[in-house]
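Beneath this line is the structure, given in C-alpha cells, with notes to follow.
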Amino acid sequence: MGYLSPLPVPLFVALGVALLLTPACRRLALRFGVVDRPGGKKIHGQATPLLGGVAIALALAAGMAASGTADQASLRILVASGFILLLGIWDDLDPHAEALRWWLRLLYEGCLAGIVVAGGVRIHFLGTPWLDVPVTLLWIVGITNAFNLLDNMNGLSAGVAAIAAVTFALLAARYVAVGPEQLPTATAAAALAGACLGFLPANFRSRIFMGDAGSLFLGFLLACLAVQGSWRSPTVPTSIIIPLLVLAYPLFDTALVVILRLRQGQSPVVGGRDHSSHRLVRLGLGRVETVLLIYLFAASHALTALLVSSVTLRLSLLALAGSASVLFIFGMVLRKAPVWGVQVPEEGSDCGKETG
C-alpha cells in the first residue's frame, strides 16, 4: 500500500482549507447578496448563500500546491477550470436569469476544453487526432454539464464528485509507474476529494450551495482527470471502460433526463424537477435517503471500476453488463415517477437547487 503515500497530504490540506473557507465564502455571499432564492424550479424553501464552488476551487488549489507534484498539463487544467468557475460565478450572480444562452455556454466550455486538449491532454485509443480530439472535447463538455445537472439536492453533486475523485486517485496512484502523468493525476484527484469532503458538512446543513460555479468546476476537472490519467488494465477496452464506470451516475442521470424530456416534448436544455433525485423523492424517499442511495450507486460503480482495472476483458464485460443492467432497471422504475408539472413536497430542511 506504499503507493498511497502521495495522497494524504493533498487530501487533508484541501479538506482543512475547505472547512475554513466554506464559512468565509458563505459570509461573503450574504454580504454581497449572492444567494439562491426559492421559487420556480427551485426546491429549497429559503434564500441560501452561493459561492461554495469558490471554496472548493481554492481548497483544491491549496491541496495541489501542498503536494508539489503538478506538471504543466495539470496547471493548464487548473487554469481552464478557473475560467469555467468564472462562468459559474457569472450565472450565480443572478440564479433566476439566463446569463448566457445555452449554446454560448457550450461554446465557452468547448473553448476551455480546447485549451486543455492543446496541452496534450486527450484520449489516444482511436488512433488518429481527427477522432481523438473531437471525442475528448465532447467528453469534457458532456461531463461538465452532467455535474451541473446533478447539482439539485444538498450534498449530491459534491458527494458523487468525491467518490469519483477518490477512485481516480487510487487508480492513478496504483499505477504511478505507467507514465509521468499518473502522479499529478493522483494528487489532483486526492485534493479534489478533500475539497468536496470539506464542503459537504455545511452543504448538507443548507448553510451554503456550491452554485453553478462549483458544479461546472467539479464536472470540468473530473472530465479532464479522466482523460489525463492512464487507467492501466489487461486490455485497452477495459481501460476505456474505467472512466465510464467511475462517472456512470452523472452520465445516467443526464441520459435519463434528456431521453424522458424528449419523449415528453420538453426541451432538454432548460431546467426542471425531473432528475433521478427528484423522481426518488416523488416515489416516497426522503431527500437525505435519496442522496445516500445515489452515493451507493456511485460507490458501487466505482468499486466495479477498481475491479475492472485488475481482471480480464471477459470478466470486465460481465461487470459492465451487470452495472448497465442495474442502471437500466433503475431508469425503468424512475420513469414512472409523476414529476412533470408537479411540485416536489417540502420537508423541513431546505435541500438543493436546480441548476439544470
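FYI, it's all coordinate maths here, none of it is from the lab. These figures come from a predicted structure and were not determined experimentally. Glycine also receives a Cβ, built like all others from the backbone with ideal geometry; neighbour counts cover every protein chain displayed.
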Principal semi-axes in Å for region 234-292 [√(5λ), Cα gyration tensor, largest first]: 27, 18, 7
Estimated 222 nm signal from helices in the chain, with DSSP H stretches of n ≥ 4 weighted -39500 (n - 2.57), rounded to 500: -23000 deg cm²/dmol
Unit charges at the beta carbon, dipole of region 31-181: most positive-side option, ILE77, ILE115, LEU87: LEU87
Order by protection proxy (mean Cβ within 10 Å, highest first), peptides 10-16, 295-301, 68-74: 10-16, 295-301, 68-74
Likely footprinting exposure, MET332, MET64, fewest C-beta neighbours within 10 Å first: MET332, MET64
Total formal charge among the other residues, if their Cβ is under 13 angstrom from that of PHE83, Lys/Arg +1 and Asp/Glu -1: +1
Segments 160-173, 277-290, 310-323 sorted - mean Cβ within 10 Å per residue, highest first: 160-173, 277-290, 310-323
Kyte-Doolittle mean at least 0.5, axial Cα span of 20 Å or more - DSSP H helices of the chain: 8-32, 52-67, 72-92, 102-118, 129-150, 156-174, 182-204, 211-228, 248-263, 287-308, 313-334
Region 165-309: equivalent-ellipsoid semi-axes (sqrt of 5 x gyration tensor eigenvalues, Cα, Å): 29, 19, 14
Burial ranking of peptide ranges 206-216, 102-112 (average Cβ count within 10 Å, highest at the top): 206-216, 102-112
Footprinting exposure proxy for PHE147, PHE204, PHE252 (fewest neighbouring C-beta atoms within 10 Å first): PHE204, PHE252, PHE147
ASP36 long-range amide H proximity, modeled H, under 5 Å: THR48, LEU50
Between region 131-156 and region 235-293, the Cα center-to-center distance that results, in Å: 12
